[in-house]
């Protein structure tokens, strides 16, 4: 991908006085190796071009220059201070390439069989550094298409012109006649550029539990339990396929009558219709913690301010992107919905600061309260943007819009209030939206935040610690801080414990640590799958507190069995998740730390 002319800054030198951006060594490595920085840039250059770009649309809404400069300064400070970060496609593209700033898309193509025209459309989305999703159900040969697109991804990667790893999601409906071949596809062939998932229905899951016959779309039948067992066996082998409950995602689609979700991004954090895209930004929850242990609190005033501005910045990113999408259909859907995805990272660090075990109800309650507050705040911010800029066009059709023609917020959130947002507040917000409009049809999701969390030097999304050490082999600093506070006055002992844990991969065998301390230091492989699924259910299940879903891979120890995987799938269904995948340790060469 070739650099294009940079966006013209608002002033000849950009905005003076942006804070100094000096990333950590880990963050610097991500910026360089991930292609987020160009070869000619410093981190400060990156900060300036991104901030200039995302605020370059403000004048068209009549924002005074002085206000723009203040907002730029404020948002840049939040990023530099580690409170939030924009999605890496925005960081990579903004002011560097003349492209949209979206993180993901469902590529709008008639995916029946390989075709040169289809290939060019797919390539046009890859060139914009978007993760891509595909619905393969309409094809009679979905596995052939998997191989074809995977080969295309490999060829494009080999050109060396891409900054971001090409990632795809291939989704197939459970009733497809080729579903068994699809389930086995990645076991029989290494498709490095695909995650694959099966779109399963309530009917199928209920029949799988009772080992009943399930009808495929061609009229043949299979034993539903055996088919689920095949999914579990292949997922046990190498992590694919995952399960996606697309009907559940569509149940939470406020404009379902305008277009159904067809597939998901590569990590399944939301449903999207054909051609639809999303812009992501993340809040580092750990940065908002004040104090520790019994005195730990969340600075909700600060969280409100950062969420409010992040909502505006992501709406700006949509405005900037609309004339730059590869196809007209993506531009039209972006205008109609203006979907953004504010996510979070750093939850595991927060729980450590609070002295809560990840697998406790206290931890789930805290996560639910904080994320509910972010969701509510972002929607209030979207209402204010609608007053300033106008609602998204989906709000013009009351008969097709559950915000206006139904009781969307009341049903989804007011019935399941949290300690931070009451039922009355949700009901009042719903009434306000009907009166004053809404700029963004949805505002929150929980993507995996892999590189984002590294840039912010925190843990990913709502996951537990995936490992106790970083990529350099050092115990995470938040773990060291926690131990130093719990074992006061003996820094040498803490260092010895960290050295031993770094070499064994666990604190669970250090007998000198009390059980209550070891409980707080469990990694994902040491936390029961039930607890991992329960955390996702609390914040992103059927009664969750985000609009969309959460990217979730249950990490299992190498000793886990196929039955363990099947039980995870069944539990995810029972607890109301919208998607689930598993990964058994050491089943892929070169797995991420």
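I'd like to know if segment 51-70 contains one or more residues that are assigned to a helix (DSSP H, G or I), in contact with a strand residue (DSSP E or B) (Cβ under 9 Å, 6 or more places away or on another chain) and farther than 29 Å from residue 276 by Cβ. The answer is no, given that none of the residues of segment 51-70 is assigned to a helix (DSSP H, G or I), in contact with a strand residue (DSSP E or B) (Cβ under 9 Å, 6 or more places away or on another chain) and farther than 29 Å from residue 276 by Cβ. Scanning segment 269-316 for residues that are in contact (Cβ under 8 Å) with a residue 40 or more places away in the chain, assigned to a strand (DSSP E or B) and over 30 Å from residue 135 (Cβ atoms) returns 283, 284, 289, 298. Among the residues of segment 235-245, none qualifies, meaning not one is free of Cβ contacts under 8 Å to residues at least 60 places away in the same chain and either out of contact with any helix residue (DSSP H, G or I) (no Cβ under 9 Å at 6 or more places or on another chain) or surrounded by fewer than 22 Cβ atoms within 10 Å (Cβ to Cβ) (or both). In segment 370-385 there is no residue matching the filter, namely being touching a residue at least 12 places away in the same chain (Cβ under 8 Å) and assigned to a loop (DSSP other than H, G, I, E, B).
Evaluation of residue 498 against the conditions (1) touching a residue at least 60 places away in the same chain (Cβ under 8 Å); (2) crowded, with 20+ Cβ neighbours inside 10 Å; (3) over 30 Å from residue 441 (Cα atoms) shows that the sole unmet condition is (1). Conditions first: (1) surrounded by fewer than 24 Cβ atoms within 10 Å (Cβ to Cβ); (2) over 17 Å from residue 267 (Cα atoms). Residue 150 passes all but one, so which condition is the exception? In the conditions (1) surrounded by fewer than 24 Cβ atoms within 10 Å (Cβ to Cβ); (2) over 17 Å from residue 267 (Cα atoms), residue 150 misses (2) alone. Whether a residue is buried (at least 20 other Cβ atoms within 10 Å of the Cβ), in the same structural domain as residue 167 (by TED's automatic domain parsing) and farther than 20 Å from residue 134 by Cβ was assessed, and residue 228 passes this test. Restricted to strands (runs of 3 or more DSSP E) entirely inside segment 77-193, those with at least 3 residues that are more than 30 Å from residue 17 (Cβ to Cβ) are 104-106, 131-135, 168-173.
Criterion first (touching a residue at least 12 places away in the same chain (Cβ under 8 Å) and either more than 31 Å from the chain's Cα centre (by Cα) or outside any loop (DSSP other than H, G, I, E, B) (or both)) does residue 480 satisfy it? In short, yes. Within segment 557-566, restricting attention to residues that are at pLDDT 95 or above and in contact with a strand residue (DSSP E or B) (Cβ under 8 Å, 6 or more places away or on another chain), the residue that is surrounded by the fewest Cβ atoms within 10 Å (Cβ to Cβ) is 564.
Among the candidates 317, 367, 331, the residue that is buried (at least 23 other Cβ atoms within 10 Å of the Cβ), in contact with a helix residue (DSSP H, G or I) (Cβ under 7 Å, 6 or more places away or on another chain) and under 29 Å from residue 60 (Cβ atoms) is uniquely 317.
Taking residues in segment 348-360 that are touching a residue at least 24 places away in the same chain (Cβ under 8 Å), and partners anywhere that are buried (at least 21 other Cβ atoms within 10 Å of the Cβ) and in a loop (DSSP other than H, G, I, E, B), the pairs with Cβ atoms closer than 6 Å and at least 6 places apart or on different chains are 348/459; 348/464; 348/465; 349/458; 349/459; 351/358; 358/464.
State the number of residues belonging to segment 507-535 that are under 18 Å from residue 560 (Cβ atoms), out of contact with any strand residue (DSSP E or B) (no Cβ under 7 Å at 6 or more places or on another chain) and buried (at least 16 other Cβ atoms within 10 Å of the Cβ). Of the residues in segment 507-535, 7 are under 18 Å from residue 560 (Cβ atoms), out of contact with any strand residue (DSSP E or B) (no Cβ under 7 Å at 6 or more places or on another chain) and buried (at least 16 other Cβ atoms within 10 Å of the Cβ). Taken together, the residues in segment 390-403 that are in a helix (DSSP H, G or I) and surrounded by 20 or more Cβ atoms within 10 Å (Cβ to Cβ) amount to 3. For segment 194-248, residues that are part of a helix (DSSP H, G or I) and either modelled with pLDDT of 95 or more or more than 24 Å from residue 553 (Cα to Cα) (or both) total 25. When residue 471 is tested against the conditions (1) surrounded by fewer than 15 Cβ atoms within 10 Å (Cβ to Cβ); (2) within 25 Å of the chain's Cα centre (by Cα); (3) within 23 Å of residue 360 (Cβ to Cβ), the lone failure is (3).
The values are calculated or read from the model by the stated rules, or taken from the named source; none is laboratory data. The structure presented is a predicted model; accordingly, all values stated were derived computationally and were not measured. Note: ideal-geometry Cβ built from the backbone for every residue, glycine included; neighbour counts use all protein chains shown.
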